[in-house]
1. For the pair A and B, how large is the buried accessible area, both sides, in square angstrom to the nearest 100, if the probe is 1.4 Å?
2. For Cα pairs less than 8 Å apart in space and 6+ apart in sequence, what is the mean separation divided by the residue count of segment B:19-137, i.e. the relative contact order in percent?
3. Are there trypsin sites (Lys or Arg not before Pro) in segment A:76-163 that DSSP marks as loop and that have at most 11 other Cβ atoms within 10 Å, and which are they?
4. If I compute solvent accessible area with a 1.4 Å probe over the protein chains, what percent of it on the protein assembly as shown is carbon and sulfur?
5. Determine the residues within segment B:68-108 where the difference in accessible area between the chain on its own and the full set of protein chains amounts to at least 40 Å²; count protein heavy atoms only and use a 1.4 Å probe.
6. Under a crude label model (7 Å from the Cα following the beta-carbon direction), how far is B:V90 from B:R116 in nanometres?
7. Whole-Å semi-axes of segment A:31-168's equivalent ellipsoid, largest first, each the root of 5 times a Cα gyration tensor eigenvalue?
8. So for chain A, averaging the separation of alpha carbon pairs under 8 Å that are six or more residues apart and normalising by length, what relative contact order in percent results?
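The values are calculated or read from the model by the stated rules, or taken from the named source; none is laboratory data. Just so it is clear, the structure is predicted and the values come from calculations on it, not from any experiment. Cβ placement follows ideal geometry from the backbone for every residue including glycine, while neighbour counts extend to all protein chains displayed. All accessible areas refer to the heavy atoms of the entire protein, side chains included, with ligands and DNA or RNA removed. Shrake-Rupley method; radii C 1.70, N 1.55, O 1.52, S 1.80 Å.
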Amino acid sequence: MNQQELTLEQVLSQRRESNRGIVNVVESMTKLVIFELQGDWFAFHGDKIREILSQVNVFFVPGCPPSLEGVINVRGDIESVISLHELLQLPASADMASASYLLGRGAGMSSGIRVDEVVDVVDVPLSNIHKPPTTLPEHLRTIVSGILRFKEKTVTVLDLDRIFADYSQGLG
Amino acid sequence: MSKTSGDPGQVLSSASSTTLEVVTFFAGGQRCAMEARQVRALRPLSDEDGRNYLALDSVLGLSELNNTCSHRQILTIRLPESDVEFSVAVPVELSKLELASIHPLPDLVAARTRLRGLCALALETEGLTLMFDLRKLT
């Protein structure tokens, strides 16, 4: 017997290995639109954001709360624009010129949301999004749906359905 | 916004299919409008009756500006039960708004506005016009 020849045991072992089905572990992914407000990073789920706009003219509408900054013209239709700073208890942004506007849809409503800057639009594994900590401040508990780490920073994932529903009821 | 001259109380409801005839005015420094068919008449406000009329600005929830008799007129509004008169700052004009410029209130504006009777927004190159339905005041 040639010493290079395989033993029956080795042959069977190789056979078992090759017959073993390849198990693909496909992890569920979700798209996130990550944005910055006063240096903090937040995100909305991508399926809630229809469009990202920049350099739009905001028309002031009197008689609304300060966080409802006005309306914008989106290709012939108008959308409201809200700022999340007050809702998130962040100071107002000084630089309005570099702002971006997320066109969001939630709770059967739609509106623009002014953010300081759009950081990225990324696909992340759902498993990377963790439940919000119990130490979350009171004002964030109902509107934060998760937390993740991205580029060495903490990203707070916000629940747009809840934000729009609560906002229409007088929050912010 | 195209403008026509004349008394809005006399020239009403002749809007074509692409425009809506409205009466425009300024309240709280903001251009406002209402359907011309809701307006019965417009007449000057004299010094004698200056204090007897509610300012439309404050009725709508807008701050009252330019509230001197010489700069205001009396607008007679048709309401279901009876006509109502308000004072309003000049200029008050009969105009036509392009239908394409008129939009329903965005959801969050409708939910959060404190303005009474606000029912639509008209967005033109000149800017934003608040549109009111005074029948919703009652």
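1. Values: alone 10760 and 7380 Å², together 16400 Å².
Separately minus together, A and B give about 1700 Å² buried.
2. Numbers: 237 pairs, mean separation 36.8, N = 119.
For segment B:19-137, the relative contact order is 31 percent.
3. Details: sites: A:R105, A:R114, A:R141, A:R149, A:K151, A:K153, A:R162; in loops: A:K151.
The qualifying sites are A:K151.
4. Numbers: 8040 of 16400 Å².
That share works out to 49 percent.
5. Listed in order, they are B:H103, B:P106, B:D107, B:L108.
6. Those two pseudo-labels are separated by 2.7 nm.
7. Working: eigenvalues 114, 51, 43 Å².
After diagonalising the Cα gyration tensor, the semi-axes are 24, 16, 15 Å.
8. Working: 291 pairs, mean separation 42.3, N = 172.
So the answer I get is 25 percent.
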